[in-house]
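These notes are about the structure you will find just below.
The values are calculated or read from the model by the stated rules, or taken from the named source; none is laboratory data. Values in this document were obtained by computation on a predicted structure and should not be read as measured data. Note that we place each Cβ from the backbone using ideal geometry, even for glycine, and neighbour counts take in every protein chain shown. Protein only, heavy atoms only, side chains kept; ligands, DNA and RNA dropped before computing areas. Shrake-Rupley method; radii C 1.70, N 1.55, O 1.52, S 1.80 Å.
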Amino acid sequence: MEEQVADREESRHARQLLVSLPREQRQVIELAYFKGLTQTEIAAKVNIPLGTVKGRQRLALIKMHRKLTSLPELALTRAVT
């Protein structure tokens, strides 16, 4: 039960982090992780260079990671499990 609560809380934080990203970065993350597109497919779909897709995805993941690891309640949850 506690694990389910922690999972839901983590999911809520992840959604908040995604929404906090700039539109261009969020778009790349959504296409990659929710639509399952490759970076090459994303570049073609949004008509931007492949390098731009890679950069946006990298920046978005770094931002999300930094924000996620800075949340004290989440760090505590991770340390306990």
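Under the definition of Cα pairs under 8 Å and six or more residues apart, what whole-number percent is the relative contact order of the chain?
On the way: 41 pairs, mean separation 26.4, N = 81.
Contact order relative to length: 33 percent.
Identify which of V19, V53, V28 has the largest mean-square fluctuation in a Gaussian network model of the chain, with springs joining Cα atoms closer than 10 Å.
Maximum fluctuation in the GNM of the chain, among the listed residues, is at V19.
Once the dipole of the chain is set up with Lys and Arg at +1 and Asp and Glu at -1 on Cβ about the Cα centre, which of P49, L18, V28 lies farthest towards its positive end?
The Cα lying farthest towards the positive end belongs to P49.
Using θ = phi - 60° and the Karplus relation 6.51 cos²θ - 1.76 cosθ + 1.60, list the HN-Hα couplings for the stretch 58-69 in order, rounded to whole Hz, with x at every Gly or Pro.
4, 4, 4, 5, 5, 4, 5, 4, 4, 5, 5, 6
Can you work out the accessible area per residue across the chain, with the rest of the protein chains kept in place, probe 1.4 Å, in square angstrom?
I get 72 Å² per residue for the chain.
Could you count how many Lys pairs in the chain have their Cα atoms under 19 Å apart, skipping same-chain pairs fewer than 8 positions apart? All intermediate terms of the calculation are to be shown ahead of the outcome.
Details: K35/K45; K35/K54; K45/K54; K54/K63.
Pairs that pass both the separation and distance tests number 4.
Give me the percent of accessible area attributable to carbon and sulfur for the chain, probe 1.4 angstrom. Can you show the working numbers first?
Working: 3310 of 5850 Å².
It is 57 percent, rounded to a whole number.
Please find, in a Gaussian network model of the chain (springs between Cα atoms separated by less than 10 Å), the residue of K63, K35, K54 whose mean-square fluctuation is greatest.
Ranking K63, K35, K54 by mean-square fluctuation puts K35 first.
Kindly express, to the nearest 10 degrees and within the range 0 to 90, the angle between helix 2-20's C-alpha long axis and the longest C-alpha principal axis of the chain.
40 degrees
Using a simple charge model, +1 on the beta-carbon of Lys and Arg, -1 on the beta-carbon of Asp and Glu, nothing else, what dipole does the chain show about its Cα centre, in debye to the nearest 20?
With Lys and Arg at +1 and Asp and Glu at -1, about 480 debye.
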